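Below: one structure, written as structure tokens.
The values are calculated or read from the model by the stated rules, or taken from the named source; none is laboratory data. The shown structure was predicted, so the numbers you read here are calculated from the model rather than taken from an experiment. Cβ sites come from the backbone with ideal geometry, for glycine too, and all protein chains shown count toward neighbours. Ligands, DNA and RNA are stripped out before the accessible areas are found, and what is left, the full protein with its side chains, is counted by its heavy atoms. Shrake-Rupley method; radii C 1.70, N 1.55, O 1.52, S 1.80 Å.
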Amino acid sequence: MPWSLRRRRRRTSAAATWTISWPTAQAIDLGRIRMTSLRYPSLDSIRPTKLVRRAEGDVYQLALPLTGRSTLIQDRTESTLEAANHFTLLDTARPHVARHHTDGTGLATTITVQIPHAALPLAPDRLRRLLATPMPSHLGVGGLLAHHLRSIAAHPEQFEPAQAEILGGVAVDLLTAALAQYLDIEDTLSPEARQTALRARVVDFIDRHLDSDELSPRSVAAAHHISPRSLHRLFEAESTTVAELIRAKRLEQCRRDLGNPLLRQPIQAIAARWGFPDKAHFSRLFRAHYGRSPQEYRAGVARQDR
């Protein structure tokens with residue numbers, strides 16, 4: 001369950017010491033890991049040696065700044081993270097300094113994730129080379145990881161405990177794949193971690209090509225250099241097929257466009273844009289998925305906006 005913290009200036013614990021001015025914080029339990037979404041004008045976190053000795057358990061902390069300026073120091077490595085473009089990893093079992101400040105007006109925002117050492121199947125001596133090192137959060141698997149975390153932070157209330165644990169597992173697998181990619185040791189990953197990362201890449205590819213006439217399970221498989229049969233097996237555990245996933249995502253885009261009061265395109269034009277050129281076929285699919293025809297849905301949204 002998420003919790004919120006508001007207007008709290010200073011907090012001290014065995015985990016860390018930090019000073020914050022007028023913050024809001026929301027923590028989300030995701031099974032083995034915990035994610036926190038923070039908004040603040042400034043935050044200085046200092047973890048000295050004496051607090052490390054008192055802390056219980058070894059935990060990595062992923063830092064993903066979305067806005068503001070961030071500077072991190074650990075193991076003689078000092079780096080500045082570019083908001084929305086970098087994430088990094090800190091080891092809370094070792095001394096470190098983290099400073100985050102707003103860049104101009106408004107509040108700085110950061111997502112952090114606490115991951116037990118044992119949850120990451122990568123050798124600590126290898127990971128130590130990456131501590132406080134900026135890594136891309138807008139490209140490759142790092143981009144998929146950032147998108148996954150931001151989606152959870154945007155609507156944490158919609159996830160049941162069982163779903164939250166699954167989402168936490170996906171986050172760990174994506175982080176593992178991103179770190180392994182950066183260390184050039186992807187071949188050492190478990191089959192489960194490789195499959196999770198590949199599945200995330202496939203979903204991201206589908207999202208970016210929903211309006212393409214050429215999008216199909218076969219084109220998706222070809223883009224990822226696997227056979228259509230391998231692609232099908234990749235999604236067996238998801239209780240859906242790639243064709244069903246593409247159709248559901250296209251229908252959702254149509255629903256959003258139909259509900260947009262500023263977009264007054266004809267229904268047939270919206271349907272065709274998202275891969276449904278047959279008006280009657282689209283109407284049947286839409287009613288089966290949402291319980292109303294496209295016309296009824298658009299009219300209902302218009303009445304609500306009056």
Spatial separation of Cα centroids for the range 193-268 and the range 128-168, in angstrom: 20 Å
At a probe size of 1.4 Å, how large is the accessible area of LYS279, to the nearest 10 Å²? 110 Å²
Which number do you get for Rg(Cα) / (2.2 N^0.38 Å) in the range 202-306? 1.19
The range 116-224: GluC sites (Glu not before Pro) in DSSP loop, at most 14 other beta carbons within 10 Å: GLU214
Hypothetical label at GLU78: residues of the range 121-162 whose amide nitrogen lies under 20 Å (7 Å Cα-Cβ projection): 129-135
Highest mean first, how do 64-77, 239-252 rank when packing is the count of other Cβ atoms within 10 Å averaged over residues? 64-77, 239-252
For ARG128 and SER293, calculate 0.36 nm times their separation in residues minus their Cα-Cα distance, and state this gained length in nm to one decimal. 53.8 nm
Dividing the mean separation of Cα pairs under 8 Å (6+ apart) by the residue count of the chain yields a relative contact order in percent of 13 percent
What's the angle, to the nearest 10 degrees (0 to 90), between helix 140-154's Cα axis and the longest principal axis of the chain? 90 degrees
In whole µm²/s, the translational diffusion coefficient that Stokes-Einstein assigns to the chain, given a Kirkwood hydrodynamic radius over C-alpha pairs, 37 °C and 0.692 mPa s, equals 152 µm²/s
In degrees, nearest ten, helix 191-208 long axis to first principal axis of the chain (Cα): 50 degrees
